[in-house]
Amino acid sequence: MIDNVKMQDLALRVRLDVLEMIRAAGSGHPGGSFSSVEILVELYWNVMNIRPEEPRWEGRDRFILSKGHACPALYSVLARRGYFDPAELLTLRKLGSRLQGHPNMHELPCLDASTGSLGQGLSIACGMAHAIRLDDRESHVFCLLGDGELQEGSIWEAAMTASHYNLKHLTAIVDRNRVQLDGPVSEVMEIEPLVDKWLAFGWDVIIAEGHSIPSLEKAFEHCCEAPFPSVIIANTVKGKGVSFMENTCLWHGRCPDEEEYKAAVREIRGGLS
Amino acid sequence: MNNLKATREGYVDGILQAGRENSRVVVVEGDVSRSIGSASFGEEFPDRFFNLGASEQDMLCEAAGLALEGFIPFVGTYGVFVAGRAWDQIRTSICYMNLDVRIAGAHGGVSVGPDGATHQALEDIALMRVLPNMKILVPADSNQTRAAVLASLEADGPVYIRFGRNPVPQLYTRDEKVKIGRGNLLREGDDITLVTCGAMVSLSIAASSILQDRGISAGVIDMVSVKPLDRELLLGQAEKTGAVIVAEDHQVTGGLFGAVAETLALEMPVLMDTVAMQGSFGASGSPAEVMKKFGLTTSAIAEKAERILH
């Protein structure tokens, strides 16, 4: 287990990577990448049972990035966790790169699935949880969902399946940043009451502060022991860490220009210890 | 001709045999297992049978998750819903990852009959054929369906197996083997080649007999492997006869005619015509009545053949 200060530091470094990667690529999704950073850092450093030196190790915990557009943050976390050389991060979205615009597991074998079309990851995670149970294995399956993504009907098909078959080795995390491409989730298509929805579907629900490592840690501990499939509603801020990117849909999928980039880097660096 | 049997019976035979021989074979169902018969797999292997209810999108991605963990899922439901409603799931979560998922599309074609247009899959082959990595088998009887199921186990990546609802004549024996990428030359011909698959194979054989009585030697290819197409067999027969009729129980665009026409247009332009659905929806009626209404008949095949040769 890594201490809180070190984790916060890691999260800032991941945000700097994301900025630099998107800047180099000329496109990408900073808003939803920034909101998911602490969740990913906590999962890959403190929660998941993994072996970066042996990415396809059968006994590993699985992770599905259902909101595939947040992959810059995931790529940075994987590189910093030792799966590949961080120097490769700047190839994001470039021709020939293993770091495709949305995750491709054949290009990058440390990914557990290729994703990008919203609404599919939770079903894949259910299938994996079924398989793991059939094989009498112990691995836990984690799946990160966007809150806008919950508007996909297929998410609720999977939610039904998980509780019908009681896939308790499955944990979903909702990156509840309240903003989607077109605007605030509540204006585009309201998804509340969110806790009631998951409860009604038979899930164990826990709310966490999505940028607080101790809060996330507690939530994950709870989920790994839950008697039902579990979901963490992680309250986050879209664009977290760069003031002018926060809580706005403008930075859902936009690359900063030179000035914006410098200002953003200054802000994030200010938080480094 | 021989006794009549629904092709879906061969699907059940096939998955049961596959399940007995390979403990990694699992079945993912969507509340039609009593219709297509796969419920018997669930009775024999309850742990390896997942009925997910009426939720095709979930079914296909669940199958992807099972395949990612080394299982070999057969996902079965009606072709309209599996190929249409869950198309993006098949594209992104199965074909893009090139996973060993076997997809069974039941109720293929207008020959489904009384259920009517909503349940007659007429675009499924087209929808599956455009997807990278997808293979497509369209067997003609229950023995060939069983063989197609077993052949799919040898394939790398996804396979779509399309079969019908209506009983059709048995053309093959229980020893029949299907090989992906290979068609069957059922009859040699000198004047014209009938290229066909599924429910239209027996009609094409009958058309060939009618043509023979009229002095036309018509060969018949059962193109059970619609993708990859048996190019060698097709090009050989097209070169020999110089004329091709494609007969299929599917829309005229994107299916077997599409595959044959694309190949011949580039490699060996010959006289061509087709017997297929001409861009309309199907309708209710007995299978024979509906097929007659839409021109999917033995006499239509024979007439088209005579017409392009004159």
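Across region B:211-267, the convex hull enclosing all Cα atoms gives 93 Å³ per residue.
Computed per residue of chain A from DSSP H runs no shorter than four, each worth -39500 (n - 2.57), the mean residue ellipticity at 222 nm is -11500 deg cm²/dmol.
Let me know the number of lysine pairs in chain A closer than 18 Å at the Cα, not counting same-chain pairs under 8 apart. Close lysine pairs under the 18 Å cut-off: 6.
So what's the projected area for region A:22-104, the Cα convex hull averaged over all directions, in nm²? Seen from a random direction, the Cα hull of region A:22-104 projects 5.4 nm² on average.
Of A:Arg98, A:Arg23, A:Arg269, B:Arg91, the sequence from fewest to most neighbouring Cβ atoms within 10 angstrom is A:Arg269, A:Arg98, B:Arg91, A:Arg23. Per residue, the average separation of C-alpha pairs within less than 8 Å and at least 6 apart gives region A:4-270 a relative contact order of 23 percent. Hydrodynamic analysis of region A:4-270 uses the Kirkwood radius over alpha carbon pairs. Inserted into Stokes-Einstein at 10 °C and 1.306 mPa s, it gives a translational diffusion coefficient of 87 µm²/s.
Its Cα centre serving as origin, region A:4-270 has a Cβ charge dipole (Lys and Arg +1, Asp and Glu -1) of approximately 500 debye. Ratio of Rg to Rh for region B:184-309: 0.94 [Cα atoms; Kirkwood radius as inverse mean 1/r over pairs].
The fewest-to-most ranking of B:Val27, B:Val130, B:Val149 by surrounding Cβ atoms within 10 Å reads B:Val130, B:Val27, B:Val149. Placing unit charges on the Cβ atoms of the charged side chains and taking the dipole of the protein assembly as shown about its Cα centre, the candidate lying farthest along the positive direction among B:Leu271, B:Ala155, A:Leu90 is B:Leu271. The simple Förster model, with R0 at 45 Å and r as the Cβ-Cβ distance, assigns A:Arg137 and A:Phe244 a FRET efficiency of 0.45.
Every pair of different Cα atoms in region B:4-169 enters the Kirkwood calculation, which places the hydrodynamic radius at 15.1 Å. Per-residue ellipticity at 222 nm from helix content only, as computed over chain B with -39500 (n - 2.57) for each DSSP H run of at least four residues, stands at -10500 deg cm²/dmol.
How much FRET efficiency would the formula 1/(1 + (r/R0)^6) give for A:Asn166 and B:Glu154, where r is the Cβ-Cβ distance and R0 is 30 Å, rounded to 0.05? It would help to have the intermediate numbers written out before the result.
Details: r = 35 Å, r/R0 = 1.17.
The formula returns an efficiency of 0.30 here.
P(r) tail, chain B: Cα-Cα pairs separated by more than 31 Å, 24% of all pairs. Counting only residues at least eight positions apart within a chain, or on another chain, the lysines with an alpha carbon under 27 Å from that of B:Lys227 are B:Lys5, B:Lys135, B:Lys177, B:Lys179, B:Lys240, B:Lys304. Would region B:200-240 count as rounded, prolate or oblate if I go by the C-alpha gyration tensor, calling it rounded below 1.5 in a/c and otherwise prolate when a/b exceeds b/c, oblate otherwise? Here region B:200-240 falls in the oblate category. Can you pull a Stokes-Einstein diffusion coefficient for region B:248-310 at 37 °C (0.692 mPa s), Rh from Kirkwood over Cα pairs, as a whole number of µm²/s? After rounding, the answer is 256 µm²/s. The Kirkwood radius of region A:131-273, taken over pairs of alpha-carbon atoms, gives through the Stokes-Einstein law at 4 °C and 1.567 mPa s a diffusion coefficient of 77 µm² s⁻¹. Short-range pairs are left out: with C-alpha atoms under 8 Å and at least six residues apart, the relative contact order of region B:241-306 is 39 percent. Among B:Glu29, A:Glu54, the order by Cβ neighbours within 10 angstrom, fewest to most, reads A:Glu54, B:Glu29. Here the convex hull built on the C-alpha positions of the protein assembly as shown has a volume of 154 cubic angstrom per residue.
Using Cα-Cα distances under 8 Å and only pairs 6 or more residues apart, what relative contact order does chain B have, in percent? Don't skip to the answer; put the middle values down first.
Values: 750 pairs, mean separation 55.5, N = 310.
After rounding, I find 18 percent.
Read-outs throughout are calculated quantities, based only on the coordinates presented, and are distinct from any laboratory measurement. What you see is a predicted model; the values in this text were computed from it and never measured. So basically every Cβ, Gly included, is an ideal-geometry build from the backbone, and we count neighbours across all protein chains shown.
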